[in-house]
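*Asks:* Below are the structure tokens for one structure; questions will follow.
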Amino acid sequence: MTSSPVPSIDPADPLGIDALLTEDEIAVRDTIRKFCADRIQPHIAEWFEAGELPQARDLARELGAIGALGMHLHGYGCAGMSAVDYGLACLELEACDSGIRSLVSVQGSLAMYAIWAFGSEEQKNHWLPRMAAGEVIGCFGLTEPDHGSDPGSMRTTATRDGSDWILNGRKMWITNGSIADVAVVWARTDGGIRGFAVPTDTPGFAAPEIKHKLSLRASVTSELVLDDVRLPADAILPGADGLRAPLSCLNEARYGIVWGAVGAARSAFETALAYARTRVQFGRPIAGFQLTQAKLADMALELHKAHLLALHLGRRKDAHGLHPAQVSFGKLNNVREALDICRTARTILGANGISLEYPVIRHMNNLESVLTYEGTAEMHTLIIGQALTGIPAFGSTK
Ligand code: TGC
Ligand code: FAD
């Protein structure tokens with residue numbers, strides 16, 4: 001071999017993307033990275049294997065203490081950071097595990113955002129400061145057992161009884177459900193789809209945990225059962241009128257996933273690269289085989305293209321806001337490519353690729369959920385298709 005075993009480019013940042021970040025952004029990133037390394041990384045494989053997120057309440061408080069909950073929201077105890085800051089945090093959290101990023105996404109981008117964007121002043125003051133501090137955990141109930149991609153057909157109802165509201169129905173696959181203190185629940189009323197902030201100790205509310213998942217195992221996923229849940233008039237989110245409201249919340253969470261997927265892919269790539277440089281077969285490191293190098297080069301291309309796309313969307317979001325189809329570009333591309341990077345990394349690790357001793361198959365299995373939640377890959381394809389052609393192809397007869 002004539003080539004030097006020393007890389008001639010920084011394998012962690014071959015395109016110099018770090019130079020596009022400000023010092024403050026790098027400081028935010030490093031804070032979250034350190035938190036993950038100290039607090040989560042040593043335990044995450046064990047939690048995943050056990051299928052639990054132990055001490056979720058302590059973890060939420062610690063995430064609150066470093067400003068990670070609702071960090072891109074302004075006021076009400078939230079950190080008021082930029083979209084890029086929030087994205088960098090999602091990247092670092094998901095480099096650790098998609099389940100941890102999910103905890104933070106659902107709290108900040110879904111439950112808190114819904115209250116922040118559509119709640120009354122009283123609701124915001126009541127819930128948001130404690131949610132930002134991680135003292136109160138939220139969940140977001142949109143999906144139902146029979147209505148996932150098509151939430152506009154939901155069957156959960158909210159009917160009036162005097163000034164009260166009575167909620168009945170089921171929500172399914174709800175992240176944080178069993179540990180939540182407040183559930184943002186979307187329900188059909190005589191006047192269309194409306195949102196409600198439901199204290200989870202209200203009689204008639206239950207949130208049994210969904211077991212037997214082989215993905216997002218270090219994340220709590222639940223069914224929400226609403227049997228004659230009576231709420232006072234002021235539980236309705238006054239600004240949320242129609243399906244547009246929950247879909248607006250999804251834009252926020254999908255944006256976080258655009259970045260998060262890069263984190264999972266980075267972790268898988270770095271693991272595969274380190275493994276390939278030290279694993280010897282046929283008398284040389286497997287990184288010295290052209291087939292392995294082709295895999296590593298393709299993984300690096302897609303990883304850093306995804307990172308640049310995330311940064312571009314983040315800068316655009318901070319400057320002008322994003323069109324929902326632009327968020328779909330990022331969510332579809334970055335999750336799909338991250339999953340592909342994990343699958344390729346798994347092959348480079350050979351049999352070790354299937355072991356929880358390495359993070360690769362954990363990320364790979366997690367990303368199967370990430371590909372489906374917050375709009376499946378097919379839904380994002382159709383959202384982009386509609387934006388490009390003006391023709392909706394969802395099959396709706398409305
Ligand atoms: P459609 O008629 O197109 O739209 C209804 C109204 O909403 C508006 N709209 C949006 N507004 C803001 N942001 C968006 N992304 C929007 N998309 C649509 C639209 O303009 C319209 O407004 P108006 O004023 O005219 O009424 O609705 P549709 O029923 O045809 O559905 C469209 C479709 C399929 C794109 C939408 O339903 C969809 O995105 N489906 C996917 C469902 C989904 O993503 N569910 C996610 C559940 S939450 C979750 O998965 C959390 S996992 C989190 C974790 O653990 O990290
Ligand atoms: P379906 O909608 O039944 O889709 C099944 C398949 O059909 C998919 O491949 C889909 O793309 C395809 N399909 C459907 N319609 C079309 C069409 N028109 N054209 C082409 N293909 C189509 N939801 C929440 O509300 N809150 C949460 O916190 C939450 N957390 C989740 C956590 C996890 C771990 C998981 C796995 C899911 C979570 N979800 C949550 C639910 C998630 O949003 C839904 O699973 C997702 O929206 C898809 O719905 P579905 O599973 O019912 O699939």
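*Asks:* Can you give the Rg to Rh ratio of segment 138-241, both from alpha-carbon atoms, with Rh computed by the Kirkwood formula? Walk me through the numbers before you get to the answer.
*Replies:* On the way: Rg = 13.2 Å, Rh = 13.7 Å.
Radius of gyration over Kirkwood radius for segment 138-241 works out to 0.96.
*Asks:* Summing Lys, Arg as +1 and Asp, Glu as -1, what charge do residues with Cβ under 14 Å from the Cβ of residue 331 carry, residue 331 excluded?
*Replies:* Values: positive: 101, 254, 317, 336; negative: 94, 252, 337, 374, 378.
Its environment carries a net charge of -1.
*Asks:* Related question: Considering only protein heavy atoms, what per residue accessible area in square angstrom results for the chain with a 1.4 angstrom probe? Please report the intermediate quantities before stating the final value.
*Replies:* Values: 17290 Å² over 398 residues.
Per residue, the chain has 43 Å² of solvent-accessible surface.
*Asks:* Kindly sort 76, 255 by accessible area of their heavy atoms, largest first, with the probe set to 1.4 Å. Kindly include the intermediate steps, with their values, before the conclusion.
*Replies:* Details: 76 55, 255 5 Å².
The most accessible residue leads, giving 76, 255.
*Asks:* Mind jotting down the distance between the C-alpha centroids of segment 322-367 and segment 138-174, whole Å?
*Replies:* So the separation of the two Cα centres works out to 31 Å.
*Asks:* Continuing with this model, one more query. Just the number, please: carbon plus sulfur as a percent of the accessible area of the chain, 1.4 Å probe, no ligands or DNA/RNA counted. Intermediate values should be presented prior to the final figure.
*Replies:* Working: 9410 of 17290 Å².
The computed percentage sits at 54.
*Asks:* Under a plain spin-label model, where a point goes 7 Å from the Cα along Cα-to-Cβ, how far apart in nm are residue 294 and residue 65?
*Replies:* 5.1 nm
*Asks:* Let me ask another. Give me the one-decimal nm value for the distance between modelled label points at residue 34 and residue 357, 7 Å along each residue's Cα-to-Cβ direction.
*Replies:* 3.2 nm
*Asks:* Are there cysteines in the chain with no other Cys C-beta under 4.7 Å, and if so, which?
*Replies:* 78, 90, 139, 249, 342
*Asks:* From the convex hull of the Cα coordinates of segment 297-389, what is the mean projected area in square nanometres?
*Replies:* Details: hull surface 26.9 nm².
If you wrap the Cα atoms of segment 297-389 in a convex hull and average its projections, you get 6.7 nm².
*Asks:* So what are the radius of gyration and Dmax for the Cα set of segment 207-334, in Å?
*Replies:* Spelled out, the Cα radius of gyration and Dmax of segment 207-334 are 21.6, 73 Å.
*Asks:* Also, quick follow-up: Among DSSP beta bridges whose residues both lie in the chain, state the antiparallel percentage, nearest 5. Intermediate values should be presented prior to the final figure.
*Replies:* Details: 29 of 34 bridges.
Counting DSSP beta bridges with both partners in the chain, the antiparallel share is about 85 percent.
*Asks:* What FRET efficiency do you get for residue 74 and residue 160 if R0 is 25 Å and r is their Cβ-Cβ distance, rounded to the nearest 0.05?
*Replies:* Details: r = 34 Å, r/R0 = 1.34.
So the FRET efficiency works out to roughly 0.15.
*Asks:* Calculate, in nm to one decimal, what residue 153 and residue 376 gain on full extension: separation in residues at 0.36 nm each, minus their alpha carbon distance. Intermediate results must be reported in sequence, preceding the final value.
*Replies:* Details: separation 223, 0.36 × 223 = 80.28 nm, distance 1.68 nm.
Extra length from residue 153 to residue 376 when fully extended: 78.6 nm.
*Asks:* Related question: What ranking do 60-70, 120-130 get when scored by the average of other Cβ atoms within 10 Å per residue, highest first? Working shown, then result.
*Replies:* Numbers: 60-70: 22.0, 120-130: 16.9.
Result, highest mean Cβ count within 10 Å first: 60-70, 120-130.
*Asks:* Can you give the direction-averaged projected area of the convex hull of the alpha-carbon atoms in the chain, in nm²? Walk me through the intermediate numbers first.
*Replies:* On the way: hull surface 81.0 nm².
Mean projected area of the Cα convex hull: 20.3 nm².
*Asks:* Could you rank the peptides 227-234, 164-171, 278-285 by their average count of other C-beta atoms within 10 Å per residue, with the highest value first? Let's see the in-between values first.
*Replies:* Numbers: 227-234: 14.6, 164-171: 19.6, 278-285: 11.0.
Listed from highest to lowest mean packing, they are 164-171, 227-234, 278-285.
*Asks:* Quote the FRET efficiency, to the nearest 0.05, computed for residue 323 versus residue 50 with a Förster distance R0 of 41 Å and r equal to the Cβ-Cβ distance.
*Replies:* Values: r = 41 Å, r/R0 = 1.01.
So, using R0 = 41 Å, E works out to roughly 0.50.
The values are calculated or read from the model by the stated rules, or taken from the named source; none is laboratory data. Everything numeric here is computed off the predicted structure, so don't read it as measured data. Virtual Cβ from ideal backbone geometry, glycine too; neighbours counted across all protein chains shown. Heavy atoms of the whole protein, side chains included, go into the accessibility calculation; ligands, DNA and RNA do not. Shrake-Rupley method; radii C 1.70, N 1.55, O 1.52, S 1.80 Å.
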